[in-house]
1. I'd like to compare 90-101, 213-224: which one has the highest average count of other Cβ atoms within 10 Å, and what's the full order after that?
2. Measure out, as a whole number of angstrom, how far apart the alpha-carbon centroids of the stretch 188-235 and the stretch 93-161 sit.
3. Tell me the Kirkwood hydrodynamic radius of the stretch 162-244 in angstroms, computed as one over the mean inverse distance between distinct C-alpha pairs.
4. For the stretch 15-155, max minus min Cα coordinate along each principal axis, in Å, sorted largest first?
Amino acid sequence: MTHGSSQASFEQDELRRTTAAVTSLETFTAELAPRLGSAWSHSVLPTPHQRSHTDHRQWDMEDGVLWRALHQDGDHQHARAVLTHAHGLQLFVVQRPRRSGQFLVGALLPAGVFEYGSIPRPRAVAVRGEPGRAAAAVRRRLLPAYRIAAVRVASSTRFKQAQRVVIGRSADGRPIADALTARAVRVLLHEDGRWRLDPGTGLCMPADTSAFAPDVLVRDATARLQSLGFEVVLTDQHPLDLYRSSPYLPSPAPTTNVASPSPGSQGRTR
């Protein structure tokens with residue numbers, strides 16, 4: 001066998017393994033999501049062959065089992081899926097390396113949160129590929145800690161902006177909304193499927209299937225949010241550019257009844 005044919009055979013085998021991994025993950029998460037509740041939806045990330053921006057939003061960073069799994073070689077690192085809750089929570093799902101039929105489920109930073117500071121982060125869990133049992137394990141071992149941590153990190157990093165929603169523009173002109181509170185995110189994600197929560201940024205973006213013009217999306221979202229008492233800021237800038245230059249950024253929330261971090265504990269800034 002020549003070198004060329006051997007390389008082609010290797011690439012075909014790798015493609016088959018990757019395709020099988022994506023299919024397996026798609027099937028598992030499609031059955032897992034409804035078992036977690038009707039507000040959960042699933043999607044497999046569209047770029048399985050390259051590192052995803054979503055990797056940088058995982059909360060189990062640096063020393064967690066999910067982070068280690070994503071940095072191991074092999075086709076396990078290519079297939080990634082995200083489960084999204086309509087309140088702005090997202091779970092990251094990958095196949096567990098070298099453990100056939102097992103998956104790792106971890107938390108992404110919630111919508112509108114770009115740093116976690118000293119807030120204790122929820123740990124990823126390993127589950128078997130049985131959706132019913134996996135859902136029970138996620139509900140018991142991950143979601144309670146995730147929900148508590150999400151509230152604490154939102155209030156501690158951006159508490160002055162809780163009632164503020166910034167709707168800006170991406171480089172290609174699409175509207176992008178930076179919403180922090182679960183209520184604001186719910187307004188966008190529950191509105192006829194017009195918006196989706198992008199796992200790579202934590203921002204709300206127009207859904208790929210939305211038939212509404214960008215101006216209509218912005219106008220309707222603004223009216224609905226304002227009717228519920230939210231302050232809506234419209235800008236031609238990207239919301240993350242506005243966030244980084246915000247005068248609210250250095251102002252921490254009151255820490256009453258919040259446990260002090262251990263000495264030397266540091267968080268990650270995105």
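Any read-out appearing in this document is the output of simple, stated calculations on the displayed coordinates, not a laboratory observation. Here the structure is a predicted model, which means the values were calculated and not measured. Neighbour counts run over all protein chains shown; Cβ positions are idealised from the backbone, glycine included.
1. Answer by packing, highest mean first, reads 90-101, 213-224.
2. 25
3. On the way: mean 1/r = 0.0804 Å⁻¹.
Across the stretch 162-244, the inverse of the average 1/r is 12.4 Å.
4. Largest to smallest, the principal-axis extents are 45, 29, 23 Å.
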